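The values are calculated or read from the model by the stated rules, or taken from the named source; none is laboratory data. If you're wondering where the values come from, they're calculated on a predicted model, not measured in any experiment. Counting neighbours? That spans all protein chains shown, and the Cβs are built from the backbone with ideal geometry, glycine included.
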Amino acid sequence: MTDPFVEVIDEATLADRVAQLGAEITKDLGDIEPVVVGILRGSVPFLRDLAKGLPLRSEIDFLALTRFGYDGKVSIAMDTSIPLDGRFILLVEDIVDTGLTLSTLRKMLLARGALEVKTVALVDKVKRRIVDVPVDYAGFEVGDEYLLGYGMDWQGKYRNLRSIWAALDLSVLQKDPLALAHRIFPEHAVPAGRSAVR
Ligand code: IMP
């Protein structure tokens with residue numbers, strides 16, 4: 001039986017690429033004082049590491065979105081505490097898929113008076129794009145496998161996984177959301193016949 005999970009980006013590769021992105025963005029920023037805005041909750045591990053390579057004059061804030069429907073409609077569920085009008089914003093996202101989330105949010109922030117909005121995504125699923133949105137900085141271009149780890153989740157889990165894994169057969173996770181945890185840490189496996197979900 002083929003393994004339904006494969007590690008696609010290991011910790012060292014992630015660390016190198018995130019450091020490169022930080023250096024590239026810092027160079028492009030010049031003397032701009034950006035507000036680095038992370039989209040909760042997937043951006044947290046990426047933003048934490050990326051910010052270490054950004055200028056010390058950067059400010060950091062977060063916002064959370066509510067998604068409704070299947071057409072990517074979003075509204076802001078938790079706003080930034082820093083006023084963003086007139087500011088240069090670096091919007092940080094874990095993964096861009098159809099592009100609907102980033103595109104809507106970018107337009108929303110510009111309509112609210114942001115000076116400029118640049119976007120950085122750790123992972124870009126370029127081939128799945130439905131709307132054309134500029135991803136100014138992208139860590140990795142990937143295919144259309146479902147990814148987990150380093151911020152990316154399945155039913156809220158795996159965001160704290162240190163590397164990125166692809167789920168090649170989603171039915172395995174649908175049956176047991178903790179299947180990848182068992183695959184990586186077999187010693188924690190729940191005995192057969194007992195629910196893996198608490
Ligand atoms: P978009 O609006 O279609 O670009 O979707 C972006 C959002 O979908 C991301 O912020 C993630 O929350 C979620 N998403 C898309 N693909 C994946 C994936 O492979 N793993 C985990 N979450 C994903």
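For this structure, a couple of remarks:
- Top-ranked residue in segment 36-62 [being aliphatic (A, V, I, L, M) and surrounded by fewer than 19 Cβ atoms within 10 Å (Cβ to Cβ); ranked as nearest to GLN155 (Cα to Cα)]: LEU40
- You will find that of ASP144, ASP124, the residue that is surrounded by 15 or more Cβ atoms within 10 Å (Cβ to Cβ) and among the charged types (D, E, K, R) is ASP124 and no other.
For (1) in contact with an Asp or Glu (Cβ under 8 Å, 6 or more places away or on another chain); (2) modelled with pLDDT of 95 or more, each residue gets a yes or a no:
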position	(1), (2)
ASP28	no, yes
VAL35	yes, yes
ILE39	yes, yes
VAL44	no, yes
ARG48	no, yes
ARG57	yes, yes
THR66	no, no
LYS73	no, no
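- Between TYR150, TYR137, the distinction of being within 11 Å of the ligand (Cβ to nearest atom) and among the aromatic types (Phe, Trp, Tyr) belongs to TYR150 only.
- Where ALA167 falls short, out of the listed (1) free of Cβ contacts under 8 Å to residues at least 24 places away in the same chain; (2) within 14 Å of the ligand (Cβ to nearest atom): (1)
- Looking across THR119, THR98, one residue alone is near the ligand (Cβ under 8 Å from one of its atoms) and among the polar types (S, T, N, Q). It is THR98.
- Qualifying residue in segment 32-44 (condition: away from the ligand (no atom under 16 Å from the Cβ), under 17 Å from the mean Cα position of the chain (by Cα) and touching a residue at least 40 places away in the same chain (Cβ under 8 Å)): yes
- Conditions (1) farther than 12 Å from VAL37 by Cα; (2) within 11 Å of the ligand (Cβ to nearest atom); number of the one not met by GLU93: (1)
- For segment 17-35, residues that are surrounded by fewer than 18 Cβ atoms within 10 Å (Cβ to Cβ) and more than 17 Å from ASP124 (Cβ to Cβ) total 10.
- Members of segment 149-160 that are buried (at least 20 other Cβ atoms within 10 Å of the Cβ), free of Cβ contacts under 8 Å to residues at least 24 places away in the same chain and not in a strand (DSSP E or B): TYR158
- GLU24 assigned to a helix (DSSP H, G or I), more than 13 Å from the ligand (Cβ to nearest atom) and at negative phi: yes
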